[in-house]
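Heads up: the structure comes next, in structure tokens.
The values are calculated or read from the model by the stated rules, or taken from the named source; none is laboratory data. Since the structure is predicted, the reported quantities are computational estimates derived from the model, not experimental observations. When we count neighbours, we look across all protein chains shown, and the Cβ atoms used for this are built from the backbone with ideal geometry, even at glycine.
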Amino acid sequence: MQQILRCALFISGLYSYYNANAQQDTTSVGRPAMDSAKTKQLKTVVVTAQKTRLIEHQLDKIVVNANALVSTAGGNAIDVLNMAPGVLVDENGSISLKGREGVIIYIDDKPTRLTGTDLVNYLRSLSVSMIDQIELMPNPSSRYNADGTAIINIRLKKLKTGGFNGNATVSARQSRYFRSNNSLLLNYRNTHFNIYSTAGYSVFNGYFSSHRQRVYTYPNNSLSYTLLQDVHENNHDQNFNYNVGIDYFVSKNTTVGVLCNGYRQPYREKGKYNNQFYGNTDKSDSAISSNSRFTTNTHRNALNLNLQHFLAGHRREINVNLDYLQYANQANQHLESEVHHPDDPIATPSVLITASPYTALIYSAKVNYTDTLFGSLKWEQGVQTIYSERNNTSNYFNQSGNDLYPDHRLTNKFRYRENIHAAFVTLQKSFNRFSAQAGIRMESTAGNALQYNMALKPDTAFTLHYTNMFPTLYLLYKLDSSGKNTLGFSAGRRIERPSYNDLNPSSFYFDRNTSNTGNSLLQPAFSNNFELTYTHNRFIAGINYSRTKGLITRGSKQVGDAFITMPVNVDLYTTIGTSINWTFNITRWWTVNIAQELINSHYKGEIFNEGLYNNENLTTFYLKTYHQFKFNNGWSGDLTTTYRSKLLLWQTTNQGRSMIYGGIQKKLTEKATISLTGSDIFHTAKTRRLTKIQHAEVYYYLESDTQGLGISFSYRFGKSVNRRERKTGIEAEAGRVN
């Protein structure tokens, strides 16, 4: 709340200053009208022809209109992503696009790639009523930061008309537990300035239930044993996010702006873990029961200062962005365990307490310049510099009675500093039937890490320094004069940098036999991506290929009695796939969109230097169908089905799974709408997988609170049109805070 008040005072002061010195010739209320011939963009190919399109294909992206589906009403960003073509969201928050791991999530051109629980909770906090579009970019252009194998950009709704206007949405959903997503969008605009704000509040209650079986088979059979695990977790989080800004129109060619945004998110989780051993003499019939209480409190606040200026003739544009971001997370865990032996009636207790404060500061400066050369060649170039610092402290204590004793084997501090300098240039040209866009981006990265304050181990440090070039290319050719048949081609090179949680060697313990940890030895991964598409009216077919060296993914290994999961580099990962997207009308009121993909994933690489080499591939089939219904008297509805066959993820094979969503909506008035929705109607979104490690196979079953019934009410006041888009200079680092 203090951050909001500070932003409001700053904006109020800025407006008072400019209002007192406003120029008399300020006649425009935004970006001036520009010569359409001089700003011509590469043309888009539309998949659906409805007034409310579900999916649109553009040269460098696929656009999903979030509110085209009734079944997402009252939901959140994860619900929309689950239904987007080519997107897969797993239970840990990992997101893939067209089979590619390491996807970066952007919000309004600013990445927010939080990991694990942080990512899932943040996306849950974004109500669908706040989201306008989802942009899927398998091969992002050079103007975007090169990090990530692909980009998914979530664009939030913007309201902007003269006077005061807005939109309010309230929703409730009942699964096993209650949850709610609510939002308020407000805007006030006149000839001198535009003030806009978005606020969201959500409550999420859920559960996580899994059963695991680990079968250990050693050359010496007397050492072999089986471990059965039952895990039950209940979690609760509430989130408040805000976005407050002002654009001041200094003149018809110049706009200055200030934007404050952020969120606060307390989260708590209670878990019960029961481990039962069978087989080995030392472990026969012994058991471990654990109770965990885990809490986090996350704060994120950002400030952006922006200048946009059009030079003479409205053909040249300069954008300047100065950014500051502050992120803090306080995580605490209290883990109580008891070990039960069959020949000892007295259990052996243990208590592990963890306190892990984490902070991040990021500063960025970015300048973009756009011009039109030779009358029709669009030229864009830019430079950016980013400095960031992350600090994490992991304090571990063993408790005996009321006394706490530091565990120096585990306690550590981790600091990471990084500088990124980047420059890019893109060229875009359209001919009669042929359009092309080419770009190149150079990035130089220098980072240093220090792990210290370890009583039993010496301080350790490492540095990273690399400079790379990242080219992109897009081609579009019309096979006929009408443009109904087209060929498209895209190619690009990307880098996947380790996130800061990935590098952090601190561990999170589910119990004494299961933990997650970081890997300070991770290296960046590099991928080359290609795609060829053919379009005929509302039918699109394509083939894509991706080759990644050093892919960053999750790996598992056994150390003593502990099963440890950590990020690793895979020597080589390739995917080759085909896709079809087809839209057609069955009747006047029934429209169907079918999106299907067939992707072969191939992994090659050594597993944890254990003398094992993995060379496996598997072809996975994806199918999503969207049925949209338009009835009379303001009624509409839809039914969405998703299916994925068996999926290979490095050491793990996931069994196939499917989901069905549905919804019905009534337009009460021109401004009021009510919706009734059902998610995962038959509760089929359950995870079954097999993980293979040296001398062991791990069978895993998971279900969570995905099935639910929801109701949503939305009321709009005023009109809604697009306002000026702002691309802030911190677009690379906002998502790597953790």
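Looking at the range 339-371 only, could you name the residues that are charged (D, E, K, R) and either at pLDDT 90 or above or buried (at least 20 other Cβ atoms within 10 Å of the Cβ) (or both)?
Kept after step one, since they are charged (D, E, K, R), are these residues of the range 339-371: 343-344, 366, 371.
Lys366, Asp371 - these are the residues of the range 339-371 that are charged (D, E, K, R) and either at pLDDT 90 or above or buried (at least 20 other Cβ atoms within 10 Å of the Cβ) (or both).
Kindly indicate whether any position in the range 475-485 is under 30 Å from the mean Cα position of the chain (by Cα), more than 13 Å from Asp60 (Cβ to Cβ) and in contact (Cβ under 8 Å) with a residue 12 or more places away in the chain. Please lay out each step first, then the result.
First, pick out the residues of the range 475-485 that are under 30 Å from the mean Cα position of the chain (by Cα): 475-476.
Narrowing further to those that are more than 13 Å from Asp60 (Cβ to Cβ): none.
No: zero hits.
Quick check on this structure: which one of Asn241, Asn205, Asn153 is surrounded by fewer than 19 Cβ atoms within 10 Å (Cβ to Cβ) and within 23 Å of the chain's Cα centre (by Cα)? Write out each step before concluding.
Working: Asn241 fails: surrounded by fewer than 19 Cβ atoms within 10 Å (Cβ to Cβ); Asn153 fails: surrounded by fewer than 19 Cβ atoms within 10 Å (Cβ to Cβ).
Residue meeting the stated conditions: Asn205.
For the range 377-400, give me each residue that is at pLDDT below 95 and among the hydrophobic types (A, V, I, L, M, F, W, C).
Scanning the range 377-400 gives Leu377, Trp379, Ile386, Phe397.
From the list Arg316, Arg268, Arg264, exactly one residue is of a type in the set (D, E, K, R) and crowded, with 16+ Cβ neighbours inside 10 Å. Which is it? Walk me through it before giving the result.
Details: Arg316 fails: crowded, with 16+ Cβ neighbours inside 10 Å; Arg268 fails: crowded, with 16+ Cβ neighbours inside 10 Å.
Residue meeting the stated conditions: Arg264.
Here is a list of conditions, (1) within 30 Å of the chain's Cα centre (by Cα); (2) of a type in the set (D, E, K, R); (3) buried (at least 18 other Cβ atoms within 10 Å of the Cβ), and Arg214 meets all of them except one; can you say which number that is?
With respect to (1) within 30 Å of the chain's Cα centre (by Cα); (2) of a type in the set (D, E, K, R); (3) buried (at least 18 other Cβ atoms within 10 Å of the Cβ), Arg214 is out only on (1).
Output yes when any residue across the range 715-736 is in contact with a helix residue (DSSP H, G or I) (Cβ under 9 Å, 6 or more places away or on another chain), modelled with pLDDT under 95, of a type in the set (Lys, Arg) and not in a strand (DSSP E or B), and no when none is.
Yes: the range 715-736 contains one or more residues that are in contact with a helix residue (DSSP H, G or I) (Cβ under 9 Å, 6 or more places away or on another chain), modelled with pLDDT under 95, of a type in the set (Lys, Arg) and not in a strand (DSSP E or B).
Would you tally the residues in the range 187-202 being hydroxyl-bearing (Ser, Thr, Tyr) and surrounded by fewer than 19 Cβ atoms within 10 Å (Cβ to Cβ)?
2
Does any residue of the range 528-546 turn out to be buried (at least 20 other Cβ atoms within 10 Å of the Cβ), over 30 Å from Gly483 (Cβ atoms) and hydroxyl-bearing (Ser, Thr, Tyr)?
no
Is the range 602-620 home to any residue that is charged (D, E, K, R), buried (at least 19 other Cβ atoms within 10 Å of the Cβ) and touching a residue at least 12 places away in the same chain (Cβ under 8 Å)?
Within the range 602-620, the subset charged (D, E, K, R) is 604, 606, 610, 616.
Right, trim to buried (at least 19 other Cβ atoms within 10 Å of the Cβ) and you get none.
Scanning the range 602-620, I find no residue that is charged (D, E, K, R), buried (at least 19 other Cβ atoms within 10 Å of the Cβ) and touching a residue at least 12 places away in the same chain (Cβ under 8 Å), so the answer is no.
Among the residues of the range 149-174, count how many are over 30 Å from Gly99 (Cα atoms), assigned to a loop (DSSP other than H, G, I, E, B) and either at pLDDT 90 or above or of a type in the set (S, T, N, Q) (or both).
From the range 149-174, those over 30 Å from Gly99 (Cα atoms) are 158-174; that's our starting set.
So of that shortlist, the ones also assigned to a loop (DSSP other than H, G, I, E, B) come out as 158-162.
Next cut, either at pLDDT 90 or above or of a type in the set (S, T, N, Q) (or both) only: 161.
Qualifying residue count, the range 149-174: 1.
Would you be able to tell me the number of residues in the range 83-94 that are modelled with pLDDT of 85 or more and either surrounded by fewer than 22 Cβ atoms within 10 Å (Cβ to Cβ) or not in a helix (DSSP H, G or I) (or both)? First the steps, then the outcome.
In the first step, residues of the range 83-94 are kept if they are modelled with pLDDT of 85 or more; the result is 83-88.
Next cut, either surrounded by fewer than 22 Cβ atoms within 10 Å (Cβ to Cβ) or not in a helix (DSSP H, G or I) (or both) only: 84-88.
The total comes to 5.
Do the conditions hold for Phe374, that is, is it surrounded by fewer than 16 Cβ atoms within 10 Å (Cβ to Cβ), more than 30 Å from Asn304 (Cβ to Cβ) and at pLDDT 90 or above? Give the derivation first.
Working: surrounded by fewer than 16 Cβ atoms within 10 Å (Cβ to Cβ): yes; more than 30 Å from Asn304 (Cβ to Cβ): yes; at pLDDT 90 or above: no.
The answer is no for Phe374.
Testing Leu702 on (1) farther than 24 Å from Lys624 by Cα; (2) at pLDDT below 95; (3) in a strand (DSSP E or B), one condition comes back false. Which one is that?
(1)
Tally time: how many residues in the range 353-391 are in contact (Cβ under 8 Å) with a residue 40 or more places away in the chain and outside any strand (DSSP E or B)?
Filtering the range 353-391 for residues in contact (Cβ under 8 Å) with a residue 40 or more places away in the chain gives 353-356, 358, 360, 362-372, 375-384, 386, 388, 390.
Okay, now just the ones that are also outside any strand (DSSP E or B), so 375-376.
So the count comes out to 2.
Could you list, in sequence order, the residues of the range 217-229 that are touching a strand residue (DSSP E or B) at 6+ places or on another chain (Cβ under 6 Å) and either among the polar types (S, T, N, Q) or surrounded by fewer than 17 Cβ atoms within 10 Å (Cβ to Cβ) (or both)?
Ser224, Thr226, Leu228, Gln229
Can you name the residue in the range 113-130 that is more than 18 Å from Gly262 (Cβ to Cβ) and either surrounded by fewer than 23 Cβ atoms within 10 Å (Cβ to Cβ) or β-branched (Val, Ile, Thr) (or both) and, of all such residues, is modelled with the highest pLDDT?
As a first pass, look at the range 113-130 and keep what is more than 18 Å from Gly262 (Cβ to Cβ): 115-117, 120, 128-129.
If we keep only those that are either surrounded by fewer than 23 Cβ atoms within 10 Å (Cβ to Cβ) or β-branched (Val, Ile, Thr) (or both) as well, we get 115-117, 120, 128.
Values: Thr115: 62, Gly116: 63, Thr117: 66, Val120: 74, Val128: 87.
Applying the filter and picking the extreme gives Val128.
Which condition number does Ala685 fail, the rest of (1) crowded, with 17+ Cβ neighbours inside 10 Å; (2) in a strand (DSSP E or B) being met?
Unmet for Ala685, out of (1) crowded, with 17+ Cβ neighbours inside 10 Å; (2) in a strand (DSSP E or B): (2).
Give the residue, chosen from Ile580, Ile586, that is loosely packed, with under 13 Cβ neighbours inside 10 Å, of a type in the set (A, V, I, L, M) and assigned to a strand (DSSP E or B). Outline the logic, then answer.
Values: Ile580 fails: loosely packed, with under 13 Cβ neighbours inside 10 Å.
None of the other options fit; the residue is Ile586.
Just the residues that are under 30 Å from Gly605 (Cβ atoms) and basic (Lys, Arg), please, taken from the range 620-651.
Arg644, Lys646
Could you list, in sequence order, all residues of the range 377-399 that are of a type in the set (S, T, N, Q), buried (at least 19 other Cβ atoms within 10 Å of the Cβ) and within 30 Å of Leu427 (Cβ to Cβ)?
Gln384
Can you name the number of the only condition in (1) surrounded by fewer than 21 Cβ atoms within 10 Å (Cβ to Cβ); (2) touching a residue at least 60 places away in the same chain (Cβ under 8 Å); (3) within 30 Å of Lys692 (Cβ to Cβ) that His232 fails?
It fails just one condition, (2).
Identify all residues within the range 144-197 that are within 21 Å of Asn121 (Cβ to Cβ), touching a Leu at 6+ places or on another chain (Cβ under 7 Å) and polar (S, T, N, Q); write none if there are none.
Gln174
Mind counting the residues in the range 599-643 that are assigned to a strand (DSSP E or B) and farther than 25 Å from Phe682 by Cβ? So that I can check it myself, show each step before the final result.
Within the range 599-643, the first condition is being assigned to a strand (DSSP E or B), and the residues that meet it are 599-607, 612-630, 635-643.
Now narrow it down to the ones that are farther than 25 Å from Phe682 by Cβ: 599-607, 612-619, 630.
Final tally of qualifying residues: 18.
For the range 663-696, which residues satisfy the criterion of being of a type in the set (A, V, I, L, M) and either closer than 30 Å to Arg554 by Cβ or under 29 Å from the mean Cα position of the chain (by Cα) (or both)? Reasoning before the result, please.
Initially, the range 663-696 is screened for residues of a type in the set (A, V, I, L, M), giving 664, 668, 672, 674, 676, 681, 685, 690, 693, 696.
Selection gives Ile664, Ile674, Leu676, Ile681, Ala685, Leu690, Ile693, Ala696.
Within the range 566-576, is even one residue in contact (Cβ under 8 Å) with a residue 60 or more places away in the chain, surrounded by fewer than 21 Cβ atoms within 10 Å (Cβ to Cβ) and over 23 Å from the mean Cα position of the chain (by Cα)?
no
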